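**Student:** Have a look at the structure that comes next, please.
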Amino acid sequence: MSSSKPNQLSRTVAKLRGLPLIGQWALSFALGRVVPLVGTGGLRFEELSSSRVVVSIRNQRKVQNHIKGVHAAAMALLAETATGFCVGMNLPDDKLPLIKTLKVDYLKRSVGNMKAVAQLRPDQIQLIRTQDKGEVTVPVSITDESGQEPIQCEMVWAWVPKKRD
């Protein structure tokens, strides 16, 4: 089963990209409505394509821990969101994405705002678009304002048909 036409998420992103000036804000707002926790956390989508997703989070009160850094759960949300939307941009509309493994190693204290960059290889995109069900490890890099990677993550996403047999 092959899907070469853009899915609903890709079509929505393409429409919002065309909006002058407020395009990035509108995209982040709309996607925050699709996944409410993304909106609550104030995540911002800086780049969203079939092969690469860049999402950032500001170190602001609503996502801080007791030492005024980005909370551990907010860091995990950042990684999960970037990798999930990477899969979502490629998944046919009749499939359901599911996080299978969310592994986060906290290596050191973060500094300021944070950014996640998730990327898929062409062979991974092909697998997502053509296999009825499967799984893929989505590489993601999380950096803070110092340019360092305070966390390392392993995110495995699975997909299954929306309708069960």
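Each value in this text was obtained by applying a stated rule to the coordinates, not by laboratory testing. Remember, it's a predicted structure, so these values are computed and weren't measured experimentally. Note: ideal-geometry Cβ built from the backbone for every residue, glycine included; neighbour counts use all protein chains shown.
**Student:** What spacing in nm lies between the two simple spin-label points modelled at Ala14 and Ile99, each 7 Å away from Cα in the Cβ direction?
**Tutor:** Between Ala14 and Ile99, the simple spin-label model gives 2.9 nm.
**Student:** Using Cα-only point scatterers and the Debye equation, what is log10 of I(q)/I(0) for the range 77-127 at each q in 0.23, 0.25 Å⁻¹, rounded to two decimals?
**Tutor:** Log10 I(q)/I(0), no solvent term: -0.99, -1.10.
**Student:** Could I ask something else about it? Could you tell me the calculated FRET efficiency between Lys163 and Thr137, based on Cβ-Cβ distance and R0 = 22 angstrom, to the nearest 0.05?
**Tutor:** Using R0 = 22 Å, I get an efficiency of 0.25.
**Student:** Please compute the length gained on full extension between Ala30 and Lys5, using 0.36 nm multiplied by the number of residues separating them and subtracting their Cα-Cα distance.
**Tutor:** Computed gain between Ala30 and Lys5 is 6.8 nm.
**Student:** In whole Å, how far is the Cα centre of the range 110-161 from that of the range 31-71?
**Tutor:** If we compute the Cα centre of each part, the gap is 15 Å.
**Student:** Moving on. ³J(HN,Hα) across the range 57-73 via Karplus (A = 6.51, B = -1.76, C = 1.60, θ = phi - 60°), whole Hz, x for Gly/Pro?
**Tutor:** 9, 8, 7, 10, 3, 5, 10, 8, 9, 5, 10, 6, x, 5, 4, 3, 5
**Student:** Ignoring everything except DSSP H segments at least 4 long, calculate the 222 nm mean residue ellipticity for the chain; use -39,500 (n - 2.57) per segment, divide by total residues, nearest 500.
**Tutor:** Helix contribution divided over all residues of the chain: -9500 deg cm²/dmol.
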